[in-house]
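See below for the structure under consideration.
Laboratory data are not the source of any read-out in this text; all were calculated from the coordinates shown. It should be emphasised that the depicted structure is a prediction, and the values quoted were computed from it without experimental measurement. In this analysis, Cβ positions are derived from the backbone assuming ideal geometry, glycine residues included, and neighbour counts consider all displayed protein chains.
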Amino acid sequence: MRSRLAVVATVLSVFIFLSYLLLPGSAPSPITSSPNPQPFTAPIHASPDLLNGGAIMPHLGNETIKAELGRASWKLLHTTLSRYPVSPTPDEREALNTYLHLFARLYPCGECAGHFQKLLKKFPPQTSSRDAASQWGCYVHNLVNERLGKKEFECRLVMEHYKCGCAEEDGKDAKAATGELKGKKERATIVATKEKEVEERKPIDKLEENVKKAGNRVEIERGP
């Protein structure tokens with residue numbers, strides 16, 4: 001009788017032990033133990049190697065596609081700069097600078113990307129304000145136009161020309177910027193003499209002068 005009880009007790013002990021090991025949910029899994037897994041977070045600051053590496057895309061030989069790509073890309077770039085904040089935060093300034101350098105590296109035309117990267121190195125993006133960014137964009141565009149033998153664009157009208165067609169302009173700063181652009185366009189329309197044209201161009205000449213001298217610590221300033 002005692003031997004039977006011992007056997008039964010042993011069997012029960014083994015059954016309980018195996019059930020503990022084999023039944024699901026008996027022990028926490030390292031994969032499912034955290035109910036709220038943390039999402040992957042990319043580094044906030046892009047490394048210099050990432051921003052300044054060589055062009056990624058190969059040579060683009062189709063001239064028709066290259067021209068269409070150029071028109072679309074300039075429209076995207078100028079519209080972006082024309083919508084850039086009037087008074088950007090440090091984070092927004094870093095975002096624009098990073099975007100422009102990565103835009104250059106990933107541009108679908110490899111040889112075009114190389115030319116644009118040289119411009120970025122010689123004339124670093126100006127990110128201190130909407131005016132500074134849009135005038136910088138127009139300035140480097142005109143450098144490309146000069147190299148290609150194309151007509152120079154009038155930089156004082158760049159933000160008006162590349163309006164996105166958006167229904168709203170939020171905030172007092174945006175309204176003020178819109179009013180300033182409207183005033184510039186009206187003044188440009190009524191210019192009647194060469195002397196007046198020279199006078200009107202002084203603020204733009206000042207901006208372009210600052211762009212030419214621009215470095216990472218130099219901001220574009222408004223002319224008198």
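For the cross-link pairs LYS122/LYS163; LYS66/LYS118; LYS66/LYS122; LYS75/LYS118; LYS118/LYS163, which exceed 22 Å when the distance is taken from alpha carbon to alpha carbon? Those over the limit are LYS122/LYS163; LYS66/LYS122; LYS118/LYS163. Taking Cβ atoms as reference points and 15 Å as the exclusive limit, the residues near GLY110 contribute a net charge of +1, counting Lys and Arg as +1 and Asp and Glu as -1. Listing THR64, THR98 from fewest to most neighbouring C-beta atoms within 10 Å gives THR64, THR98. Residue order for THR79, THR89, fewest other beta carbons within 10 angstrom first, comes to THR89, THR79. Within the shell defined by Cβ-Cβ distances under 14 Å, the residues around LEU76 carry a net charge of +3, with Lys and Arg each +1 and Asp and Glu each -1. Between the beta carbons of ASN145 and LEU50, assuming R0 = 30 Å, the FRET efficiency works out to 0.55 to the nearest 0.05.
Quick one: length gained pulling ASN62 to PHE153 fully straight, 0.36 nm per residue minus the C-alpha distance?
On the way: separation 91, 0.36 × 91 = 32.76 nm, distance 2.54 nm.
Contour length minus Cα-Cα distance gives 30.2 nm.
I'd like the GluC sites (Glu not before Pro) in segment 100-152 restricted to DSSP loop residues with at most 14 other Cβ atoms within 10 Å, sorted by number.
Qualifying residues, ordered by number: GLU152.
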